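Notes to accompany the following structure.
The numbers here are math on the coordinates, done by the rules we state, and not lab data. What you see is a predicted model; the values in this text were computed from it and never measured. Cβ sites come from the backbone with ideal geometry, for glycine too, and all protein chains shown count toward neighbours.
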Ligand SMILES: *[C@@H]1O[C@H](CO)[C@@H](O)[C@H](O)[C@H]1NC(C)=O
Ligand SMILES: *[C@@H]1O[C@H](CO)[C@@H](O)[C@H](O)[C@H]1NC(C)=O
Ligand SMILES: *[C@@H]1O[C@H](CO)[C@@H](O)[C@H](O)[C@H]1NC(C)=O
């Protein structure tokens, strides 16, 4: 097990890719990719990004939004996952697990509130592939999901959990940690890198994409197949669920008390949704520049997180997701 500071030391010099924080935009039971038009959707989501977020989203999101919780101020995309809840082992009540920024683990939160750290990588964490293979960015209206709440087998590589002990990340696991994690539970969602080049979506929201990645972490994708020939940026989300105030209620040796908002007691149901919404050709400009990596991306417009944090959307579902709940929102008693 390698410490994070050792891992960071290996990352110099770095280029050709993006990594940035997005604060929490809203926590609501909406899902414009899987259940467009439904208010409410089946389960609660933790959503970051632009303020065009709504129960239904069509057309050019980047042209319609006017603010974003992401540091890259031309990124009006929305990024979301299910929400982690704590289920009290004796009385069965649920409490939402707060989200904290990932960035302190990496260096600096830049003032993000909760949220998700988003990556768009072209190759891996340390190489520039501009000269080796071209990357095509997503068109307006593009959307995809990864993972599935109904999955009963180990999810594909890149959908993982880490049990944080302090700032130490630990091994990547396919299921929930089996013991309390003093620094919280870290989740990673890597999306597939190959697109069919035609469809903005597909009936299962995944068939227009193809995963060729064979190992965990930020690794370069093997070549895309002829059915999905277009190499797109590898999109990744990192989220830290701050379990610390619940750890004392988890008796050592008893089952994991954390559940996903769809009543998912197995970690195998981890999933994430992506709605492309970069303004104009901003993402393509970023991906075309080898100077762009991590926070040092000269020509791409950034905003202060204090500004990003002011971006909001209305509470459209109007139901309680906070405090101790007898039943998870949308689930039956
Ligand atoms: C969300 O969509 C509904 C239904 O189309 C619409 O009435 C509402 O104005 C939209 N809200 C926002 C904040 O865009
Ligand atoms: C369950 O336990 C928590 C923590 O002690 C408490 O706040 C909550 O009200 C309890 N729920 C019920 C239904 O008693
Ligand atoms: C990005 O690079 C490709 C390949 O060189 C080029 O065709 C495209 O116009 C560039 N896009 C932008 C926005 O600069």
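With both labels modelled 7 Å from their Cα along Cα-to-Cβ, the residue 63 to residue 165 distance reads 5.3 nm. Computed over the chain with a Gaussian network model linking Cα atoms closer than 10 Å, the most mobile of 17, 59, 253 is 253. Please work out the Cα center distance from segment 14-77 to segment 202-260, rounded to the nearest Å. Using only Cα atoms to place each centre, the spacing works out to 18 Å. Quick one: if the Förster radius is 30 Å, what FRET efficiency do residue 182 and residue 326 give, using the C-beta to C-beta distance and rounding to 0.05? The value I calculate is 0.55.
Given their separation in residues at 0.36 nm each and the Cα-Cα distance between them, residue 196 and residue 227 gain 10.5 nm when the chain is fully extended. What the Cα atoms of segment 4-308 give is an Rg and a Dmax of 18.3, 58 Å.
Here the relative contact order of the chain, from alpha carbon pairs under 8 Å that lie six or more residues apart, stands at 30 percent. Taking label positions 7 Å along the Cα-Cβ direction at both residue 153 and residue 252, the computed distance is 3.6 nm, reported to one decimal.
Just checking the listed ones, 109, 55, 226: in the Gaussian network model of the chain with Cα springs under 10 Å, the one fluctuating most is 226. GNM on the chain, alpha-carbon springs under 10 angstrom: the most fluctuating residue among 204, 60, 196 is 204.
According to the calculation over all Cα-Cα pairs in segment 19-163, the P(r) per 5 Å bin from zero is 2, 8, 14, 18, 21, 18, 12, 5, 2, 1, 0, 0 %.
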